[in-house]
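The values are calculated or read from the model by the stated rules, or taken from the named source; none is laboratory data. Quick caveat: nothing in here was measured; it's all calculated off a predicted structure. Don't worry about glycine lacking a Cβ; one is built from the backbone with ideal geometry, like all the others, and counts go over all protein chains shown. For accessibility, only protein heavy atoms count, side chains too; no ligands or nucleic acids. Shrake-Rupley method; radii C 1.70, N 1.55, O 1.52, S 1.80 Å.
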Amino acid sequence: MFDQAERIFEAPLQYRNFISGEFTDALEGGVISRESPAHGRMVSQYPASTRADAEAAIAAARESFDAGRWAFAYGGERAKVLREVAQSLRRNADDLALVETLETSKPLAASRGEVLFAAELWDYAAGLARILHGDSHNTLGEDMLGLVLREPIGVVGIITPWNFPLLILSERLPFALAAGCSVVVKPSEFTSGTALMLGRYLKDAGLPDGVCNIIAGTGDQVGQAILDSPDVDMVAFTGSTRVGRVAIAASAGNIKKLSLELGGKSPSIVFADCDQEAAIDGVIKAATINMGECCIAGSRLLVEASVAEAFQNRLAERLQELRMGDPLDPTSRIGAIINRAQFDRIAESVRDGVRDGARIVCGGDPENHRGLFYPPTVLADVKPGMSVARQEIFGPVLAVMPFGDLEEAIGFANDSDYGLAAYVWTNDLSKALTCSRRIRAGRVWVNSALQGYPELPLGGFKQSGNGRETGRYGIEEYTELKSVHLHIGPQAERWVEGA
């Protein structure tokens, strides 16, 4: 892969928008250049789309949906297209993984794993395309049959973040397509490569023109146009809670439906009775995966007081074994931060924590590392009111707080504006079930971390968002229900007397 990467450094990859089945440049001809965060060299150029490009993509989606060719297609035909895309993802996994790694700086093995899981999501959505159904009511009397139809919601805008470009898109796009929707996709301007590559796979799979349109550009141009458009019936947005509020405000224009996966400050809860070596490994994984740039990162570590000191010291020892370096190196587990602005926000958050009284157990010294590599950092002596315990940092920073008993652990876990995920480590079944039931979060992992399955839904509580993606609920998110009152036989009722 080093040789292939070097060729890309010498000749950065060029991408085009995908609108109405055609590959096009931005109408105004601008481009967005992307450097590899780990290498500081240009790797990609995308179209710098404007509102005009977004409006063209929306118009194509609207026309395709209203024409009904895809919306009313046999589910088996939709399934066939989605399965073919899944196969394309598998066939091109190495190329897609390399692009993801160069644009995001996540380790290459992680990128390839995400591509293959994305293919699983497309396969699973293909199956759902065949089983989507409504209901009937045959108990309304001899002259009335009630039908409940489940229909595609219409034109969907999907706006995705930079941290898991292909994976997060694949948690949404195939489900919207399986439901019969037409779509406009706006990937992050930092990591648009794999989303734009997907256009070729969709076209080769036989997706009708205009059903899926993918355009690169910034949020203020393309994203805002999607949010503002009266021709977009629903928006699925993944990103920060701050921008989520902007999406909510913009949706008032035509009362469009929103599915939002927003920020998180997820707790990892470690009880003294757990397998502590397994817990240490799982806590590290949950806190540092994707350099901590992960909305479901386990960034708050709640440890039972009787083992807290020993646990955090062992944690610091194990973190020294976690290799940080070139994401193309197969031994690296930590790559570079996405850009300088995010790197500086992480460093400032750690400094704020220290000023508030937190103590650095390990890490926290980015000046000793070249470029945008931020070392995994553990902060002890953290109090629940500190900013490092409450605000999403989006970096490999772990805030440690001891707890006394089960009730206090659950109280600390729920003492957050967010509710996206939680991790529980215990060998006590009662504690595991109690935490799973009472913690306010969309996903709870027990004695595991970050295993994903297409069958299970994802989403957040509180300010972590609304709606659910993936699982059988994922396709229902992109549908509307319609009641049909079907009268049978002669119509005996007369509203106007004497008629």
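Can you pull out the residues in region 361-380 that are in a loop (DSSP other than H, G, I, E, B) and surrounded by 17 or more Cβ atoms within 10 Å (Cβ to Cβ)?
Initial filter on region 361-380 (in a loop (DSSP other than H, G, I, E, B)): 363-365, 369-376.
The answer is GLY363, GLY364, LEU372, PHE373, TYR374, PRO375, PRO376.
Of the conditions (1) farther than 22 Å from THR218 by Cβ; (2) open to solvent by less than 10 Å² (accessible area, probe 1.4 Å); (3) out of contact with any Ser or Thr (no Cβ under 7 Å at 6 or more places or on another chain), PRO47 fails just one. Which one is it?
For PRO47, the exception is condition (1).
Can you find a residue that is among the hydrophobic types (A, V, I, L, M, F, W, C), open to solvent by less than 10 Å² (accessible area, probe 1.4 Å) and under 24 Å from PRO12 (Cβ atoms) anywhere in region 199-209?
Restricting attention to region 199-209, the residues satisfying the condition of being among the hydrophobic types (A, V, I, L, M, F, W, C) are 202, 205, 207.
When the remaining residues are screened for being open to solvent by less than 10 Å² (accessible area, probe 1.4 Å), the result is 202.
Okay, now just the ones that are also under 24 Å from PRO12 (Cβ atoms), so 202.
Yes, region 199-209 contains a residue that is among the hydrophobic types (A, V, I, L, M, F, W, C), open to solvent by less than 10 Å² (accessible area, probe 1.4 Å) and under 24 Å from PRO12 (Cβ atoms).
Give, as residue ranges, the helices (runs of 4 or more DSSP H) completely inside region 189-255 that count at least 1 residues that are in contact with a Cys (Cβ under 6 Å, 6 or more places away or on another chain).
Values: elements: 193-204, 224-228, 241-251.
Counting at least 1 such residues, we get 193-204.
Residues in region 6-44 that are closer than 21 Å to PRO107 by Cα, open to solvent by 50 Å² or more (accessible area, probe 1.4 Å) and basic (Lys, Arg): how many?
Matching residues across region 6-44 total 2.
For region 331-360, what are the residues that are surrounded by fewer than 19 Cβ atoms within 10 Å (Cβ to Cβ), touching a residue at least 24 places away in the same chain (Cβ under 8 Å) and not in a helix (DSSP H, G or I)?
Answer for region 331-360, where residues must be surrounded by fewer than 19 Cβ atoms within 10 Å (Cβ to Cβ), touching a residue at least 24 places away in the same chain (Cβ under 8 Å) and not in a helix (DSSP H, G or I): ASN339, ASP356, GLY357.
When the residues of region 229-256 are narrowed to those that are at pLDDT 95 or above and of a type in the set (D, E, K, R), which ends up surrounded by the most Cβ atoms within 10 Å (Cβ to Cβ)?
Going through the qualifying residues, I end up with ASP233.
Any residue in region 242-270 that is touching a residue at least 12 places away in the same chain (Cβ under 8 Å) sitting within a Cβ distance under 8 Å of a residue that is open to solvent by 50 Å² or more (accessible area, probe 1.4 Å) and in a strand (DSSP E or B)? List the pairs, counting only those 6 or more apart or interchain.
SER251/LYS257; LEU258/ASN466; SER259/ASN466; LEU260/ASN466
Just checking, does region 19-38 include any residue being touching a strand residue (DSSP E or B) at 6+ places or on another chain (Cβ under 6 Å), at pLDDT 95 or above, closer than 25 Å to LEU372 by Cα and outside any strand (DSSP E or B)? Lay out the reasoning, then the answer.
Initial filter on region 19-38 (touching a strand residue (DSSP E or B) at 6+ places or on another chain (Cβ under 6 Å)): 19, 24-26, 31-36.
Filter once more, so that each one left must be at pLDDT 95 or above: 19, 24-26, 31-36.
Those left that are additionally closer than 25 Å to LEU372 by Cα: 31-36.
So of that shortlist, the ones also outside any strand (DSSP E or B) come out as 36.
Yes, there is a match, as at least one residue in region 19-38 is touching a strand residue (DSSP E or B) at 6+ places or on another chain (Cβ under 6 Å), at pLDDT 95 or above, closer than 25 Å to LEU372 by Cα and outside any strand (DSSP E or B).
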